[in-house]
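Accompanying notes for the structure given below.
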Amino acid sequence: MRVSTGSASQSDSRMVTVVVEAFGIGRQRQAERRFTVPFPQLQSTMQTIARQGGRITAVEVAGALSATATDAPAASPAPAPAAAPSKPAAVSHAAVPVNLYKPKDPFLGTVTENYSLLAEGAIGRVNHITFDLAGGDPQLHYVEGQSIGIIPDGTDANGKPHKLRLYSIASTRHGDNMADHTVSLCVRQLQYEKDGETINGVCSTFLCDIEPGAKVKITGPVGKEMLLPEDEEANVIMLATGTGIAPMRAYLRRMFEPSEREKNGWNFRGKAWLIMGVPTTANLLYDADFEHYQSQFPDNFRYTKAISREQKNAKGGRMYIQDRVLENAEEIFTMIEDSRTHVYMCGLRGMEPGIDEAMTAAASAKGIDWSELRPQLKKADRWHVETY
Ligand code: NAP
C-alpha cells in the first residue's frame, strides 16, 4: 500500500494511527484494530503487523486520512483500543511462526551479550544470553511464550553432532533492544553428580561460557502452548520455578515496559500475578524489573516470592510456590472463575502435583471438583503448562 509520509523525519513527533484487519493471534483476529505510534516507529509497526498476518486498511497521520489500502474500503471510525469490548481471548494458533529454521539448516545467530543474573552467594550459574538474528531469509522471528532450539558446537561421545536443546524465550518479539531482531534466553548451567564426579550439561555449559561475537546454531521457533491471550483485559496468573521464569519475563515486559506498550499498541489492563520460586534471595531472576513493574502498576501487577531455603511453609518445610498458591487459594480460585483468567506454569515438573493439590483444596471449599474443572480450563485454552 502507499503511505504518504510528507516531510517526516526521525525527530517527527506526530502520531500515526494504523488501521488493521485480521491482526494477531487472538480470537479477535478478524476484528479491526488500531495502533497509534510516533511517526518514526511507523515502519517497524507495519513490519510487525505484516508478520502477524494483519492487513493494513488505512494509515492516518495526525487526524487526516493519509493512505488507504487499494484492496479495502476506507476505514470507518473505529473505537479506540481503550473502548474496545473485552472478550475472553484465547489464542488462535494459525498466525504463530513455527520451524522457520530446522536442525539440518539452522540459522547462525551472533551472541551480543552474556551475563550472570545471580547475586553474590547464589547457588549455581544462571545467565541471560542474547543473540542477534538479523539478516536471515526468512527473518527468524517469534512471539512471547515460544522456544528456540540451540545446537551446541562440537560432537557427542560417538563423534556425531550434538542434538538440539530447547530453551524458552525470555524476550518479547521485539527483543530486549526493541530492534525486532534479537532473542534472549535465561539459562541455568545443568550440573549433576555421577559416580562421584560432577557432570556439566553440554548445551547449558556451552551457552553459559559463550562470548559475545560467537556464532551459534539456532532452530525454531517452536511452541504454541504458552502463548499470551490478545485480550488487554485478560488476567494472567504465572507460576514459575527458577529459569521457568523465561516466558513470564517476556509476558511482563510486553505488559509493563513503556517501550513495549507504545510499540505494540497493546495496553494490558487486566491483573497479572507472578508467583516465583527460587532457592535463595540471591537466586531471584529479573527481580528488580518485577519490583519496578509492581511499583509502577500496583493495580495490575502482583509479585509473590517463594524462597524455598529461606522461608518456611505452614508445616515448617521449604516454601514452594504451591504453598503460596495454597495461602492465596481463595483469591486465585476466584480469579480462575473469571473466564478471562489464564494460568501459566513453567519450570520444574515436580511442582505440578503440589499445585494440583492446592487447587483441589481451594476448589472443594467452593464445592467444585478440581479434577473435572482442570480439563475444562485446558480445553478452553486457559491452563498452560510447560514443565521439564
Ligand atoms: P532453581 O533456581 O533451582 O529453582 C527451583 C525452585 O523450585 C527452588 O526453589 C526449588 O527448591 C523449588 N522446587 C524444588 N522442587 C520443587 C517441587 N516439587 N515443587 C515446587 N518447587 C520445587 O531452578 P532451575 O534450576 O532454574 O530449574 C528450573 C527447571 O525448570 C529446570 O528443570 C528447567 O529444565 C525447567 N525449565 C523449564 C522450562 C520450560 O518448561 N520451558 C523453561 C525453563 C526451565 P529447593 O531446591 O530449595 O528444594
Which aspartates and glutamates have a Cα lying under 17 Å from the Cα of K263, excluding residues fewer than 8 positions away in the same chain?
D12, E60, E144, D176, D180, E230, D231, E232
When each of K160/K378; K102/K379; K271/K366; K194/K224; K271/K315; K163/K271 is checked by Cα-Cα distance, pairs over 32 Å:
K160/K378; K194/K224; K163/K271
Computed FRET efficiency, Cβ-Cβ of A134 and T155, R0 45 Å: what is it to the nearest 0.05?
0.95
The range 107-222: C-alpha gyration tensor shape, a/c 1.5 cut-off, then a/b vs b/c:
oblate
Taking a crude spin-label model, label points 7 Å out from Cα along the C-beta direction, the D289 to D369 distance in nm is 4.2
Roughly how many Å is it from the Cα centre of the range 117-147 to that of the range 273-339, as a whole number?
24
Write down Rg/Rh for the range 235-387, rounded to two decimals, with Rg from the C-alpha atoms and Rh from the Kirkwood relation over Cα pairs.
0.96
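Here, each number is a calculation from the coordinates, and none is a lab measurement. Just so it is clear, the structure is predicted and the values come from calculations on it, not from any experiment. No Cβ is skipped: glycine too gets one built from the backbone with ideal geometry, and neighbour counts run over all protein chains shown.
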